[in-house]
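Step one of this worksheet: look at the structure below.
The values are calculated or read from the model by the stated rules, or taken from the named source; none is laboratory data. Every value quoted in this text rests on a predicted model; they were computed, and no experiment measured them. Every residue, glycine among them, receives a Cβ derived from its backbone with ideal geometry; neighbour counts consider all protein chains shown. For accessibility, only protein heavy atoms count, side chains too; no ligands or nucleic acids. Shrake-Rupley method; radii C 1.70, N 1.55, O 1.52, S 1.80 Å.
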Amino acid sequence: MKTMTLDKILQSQGFGTRKGCRQLIDDGAVRIGGETVTQYDSAFVPAGLEFSVFDEPWIYHEKIYLALNKPPGYECSRKPSGHPGVLTLLPEQFTWREVQPVGRLDHDTTGLLLLSDDGAFIHAQSSPKRHVPKVYVATTHDPVTPALLAQLHEGVQLHDEPAPLTALARQLDTHRLEIVLEQGKYHQVKRMLAAAGNHCVALCRIAVGGVKLAELELTEGEWCYIDPLLPYR
Ligand code: URA
């Protein structure tokens, strides 16, 4: 199996520049199998390699696929302006790896956000051709009515869209409904509810394809690794 030198392994996992990684190894910060490794050019099979840096355990991942339970008050944009960015909720190694959110949630939207450093995955997930269903729970200002659900099913016209957009929707209680979207247009849920005559006061994404927030058991702000095939299931 293909091996990699330890400095390259650390660099690929987001521990800084090659020079910085060599310094970490020199400083005796890196342990593998209980042994401190001080030779930066020691070679290991990277796949599944367990190592620790300053006693923090890590497992080598060629690419990473993450689910975050996004709290309110965080921006998904690369250059956040009004609020902290979601990347501040992750280990700094992931920023070094150039992990990015897959699509965006508004700063006040909570719930399931996928992130990855795999460009092909991000592209595939963001492509409208994939039809990966995204499930939201919206809390509305006015009560949910059969007329509101009917409008969402039949289609509502947003001013910058060529054709009405439809959504599967079902009532959960007086002021909450579950909405399933296959596209990810700007503020889509909020704009669709507004176009249907109501107002969204809170929004939480609970699933993206086969990735279900409830099954991940993440508290707000927590993240975990996921199987990259899960969104398509
Ligand atoms: N629709 C919205 O209006 N906001 C989101 O964050 C996601 C979907």
In range of the label at residue 142: residues from segment 175-196 whose backbone nitrogen is under 20 Å from the point 7 Å along Cα→Cβ: 175-179, 188-196
The chain - Kirkwood radius from inverse mean 1/r over Cα pairs (Å): 19.7 Å
Carbon plus sulfur fraction of accessible area for the chain, probe 1.4 Å, in percent: 53 percent
Accessible surface, per residue, of the chain when the full set of protein chains is kept, probe 1.4 Å, Å²: 53 Å²
Whole-percent pair-distance distribution, where bins are 10 Å wide, for the alpha carbons of segment 57-124: 21, 55, 22, 2
More than 20 Å apart - percent of Cα-Cα pairs taken over segment 133-208: 17 percent
Calculated P(r) of segment 4-59 - Cα pairs past 16 Å, %: 27 percent
Formal net charge of residues neighbouring residue 25 (Cβ-Cβ distance under 13 Å; K, R +1; D, E -1): 0
With DNA, RNA and ligands ignored, accessible area of residue 9 (1.4 Å probe; Å², nearest 10): 0 Å²
Top of 45, 180, 201 by mean-square fluctuation, Gaussian network on the chain, Cα under 10 Å: 45
Interchain or long-range residues, amide H under 5 Å from residue 111's placed H: 70, 205
Cα-Cα over 27 Å, subset of 2/70; 2/129; 79/190: 2/70; 2/129
For residue 83, solvent-accessible area (1.4 Å; no DNA, RNA or ligand), Å²: 60 Å²
